[in-house]
1. Tell me the residue from A:Gly82, A:Gly65, A:Gly48 that is assigned to a loop (DSSP other than H, G, I, E, B) and touching a Pro at 6+ places or on another chain (Cβ under 6 Å), please.
2. Return the residues of region A:87-117 that are part of a loop (DSSP other than H, G, I, E, B), of a type outside the set (Ser, Thr, Tyr) and free of Cβ contacts under 8 Å to residues at least 24 places away in the same chain; say none if nothing qualifies.
3. Hey, does region A:1-15 have a residue that's closer than 30 Å to B:Ala342 by Cβ, buried (at least 16 other Cβ atoms within 10 Å of the Cβ) and more than 13 Å from chain B (Cβ to nearest Cβ)?
4. Please give the number of the condition A:Ser103 fails out of (1) facing another protein chain (nearest Cβ under 10 Å); (2) surrounded by fewer than 16 Cβ atoms within 10 Å (Cβ to Cβ).
5. Please find, within region A:91-137, the residue that is farthest from A:Ala10 (Cα to Cα) out of those that are of a type in the set (Ser, Thr, Tyr) and at pLDDT below 90.
6. Can you find, within region B:28-81, the residue that is surrounded by the most Cβ atoms within 10 Å (Cβ to Cβ) among those that are within 14 Å of chain A (Cβ to nearest Cβ) and part of a helix (DSSP H, G or I)?
7. Looking at the structure I just gave you, is B:Leu271 part of a helix (DSSP H, G or I), crowded, with 20+ Cβ neighbours inside 10 Å and out of contact with any Gly (no Cβ under 8 Å at 6 or more places or on another chain)?
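The values are calculated or read from the model by the stated rules, or taken from the named source; none is laboratory data. Bear in mind the structure is a predicted one, so any value in this text is a computation, not a measurement. Because the Cβ atoms are built from the backbone with ideal geometry, glycine has one as well, and the counts that use them run over all protein chains shown.
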Amino acid sequence: MSKHVVATVAEIPPGKRKLVTVRGRSIAVFNLDGEFYGLFNRCPHQGGPMCEGILTGLIQSNEPGHYEYSRAGEILRCPWHGWEFDVRTGQSFCDPSKISVRSYPMEVAPGQTVVQGPYVAETIPVTVEEQYVVVEM
Amino acid sequence: MSQTLLERAAAPAARLMLVDCDVHHALRSPADLHPYLSQRWREHLKTYGSRKPTPFTGASPFFKSAPALSRKDTWPPAGGTPGSDLAFMQEQLLDRYGIEAGMLHLLSITGMDQRNQDFGAALCRAINEWQYAEWTQQDRRLKAAIVVPGEDAPAAIAEIEHWAGNRDFCQVSLVTHTIEPMGRRRYWPIFEAAAANGLPIGLHSSGSNGHAISPAGWSSFYTEEHHSIAISQQGLVSSLVCEGVFSRIPALKVVIVEAGLAWVPSLCWRLDRHWARMRDEVPHLTRPPSEYIREQMWFTTQPMDEPENPDDLRDILSWLGWDRILFATDYPHWDFDDPDTAMKVSLTEQQRRMVFRDNARSVYGLDK
């Protein structure tokens, strides 16, 4: 396990995402209101590129004719077949107990810490002034 | 955990060259056809537009779940609608999956069901010219269908005879939601012309005859309606068989596209059972209906049936017959089946070759 710098905080504003590669693995990094979440960029269904999916909300219903819309912007739909996943956990909504997309814990580290190491920052130049998105894997 | 389903998927088929039996190219706009339409019909298109036998011109009676019915990642970076950019299709489909032949089905404006029949015939010719010049001649892996106006048999036959012998065209297409059930005699001359020229009829669900897609009536939800395509194709298959089309034209081949296939064995069993009891009603069927289906019809896989136990599908495919099954992706549409992961049933090497390649090469005469 090592810590990898994948982006500056500034380059992924809230509601946006970035596709990164860490140890050969494609990871879609999302910013939800300042919190960062990483998901494996391959849908467990047929392999669709998760990073290109839309972020939407969760629609739930207790009976026909009634619905609740919640969690706006926190639900990721695969761009191929539309399967829904919780961006925070990777859990699916079609079969939550069995199907999920792998989730990678993301953290924010100040440039001061990143510069001191030990961090792997192969593609991102780091300076003390910036804030960085980091994944440990 | 995150790989629950993918780990169960069959080994990638990428090493085997594939034939994809349902690929959708698209016009960037109807103006793409201008070079292939006479001034008379260009002006007609501009002034009167495309009019089909359906209410709410400009809207589709078919549901959608994504813009342009397409995978979100298929919009070409250079602009245009999904399927309209050959270079992007090559990158995203043909090269990526090792597709040696892709059978094109056009679903945007077509002349197949125009209400103005002369315009329909002119539009079919223009589309076929466009397919030849801008698709099949630009990438020899792509094979077109001769689109014909199905409600106008003489014009349809003229279109078939115009292109017959051109190996860029591997089948004949008309809409599946015809004014009368497709087995009726008004359509027979078209089938005879196709068979006489060695061309299968490729029937991709399309068009509108004013009826709802589902026989239950107009659906409220896409979830409710999507499988109704299969039900409407069941009606079509039953009509072709019971009207005696296959017994009358033994050389006719029909490919059912984008209706899945798990329903086919059940339909065969039921038709055979009723034929045994009411054979005297349809004496022109000298053999059980399933025999015509198993000899003269083929079915594409997409949208793939996904039983809880993937291997349950093997029984269904066996009942249907491995030689009847043609793999299809439906690229770039949102219900695309990925060649590497869609078929979760384990197959023998021979079955894999048949489904992903050899059956299609045979029915479409790609080895000729």
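1. Answer to the check: A:Gly48.
2. Scanning region A:87-117 gives A:Cys94, A:Asp95, A:Pro96, A:Lys98, A:Gly117.
3. no
4. It fails just one condition, (2).
5. So the residue we want is A:Tyr119.
6. This residue is B:Thr74.
7. Spelling it out, B:Leu271 is indeed part of a helix (DSSP H, G or I), crowded, with 20+ Cβ neighbours inside 10 Å and out of contact with any Gly (no Cβ under 8 Å at 6 or more places or on another chain).
Yes or no, residue by residue, for (1) out of contact with any Gly (no Cβ under 7 Å at 6 or more places or on another chain); (2) modelled with pLDDT of 95 or more; (3) under 14 Å from B:Val255 (Cα atoms):
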position	(1), (2), (3)
B:Ile293	yes, yes, yes
B:Phe299	yes, yes, yes
B:Asp305	no, no, no
B:Glu308	yes, no, no
B:Ile325	yes, yes, yes
B:Asp330	yes, yes, no
B:Phe336	yes, yes, no
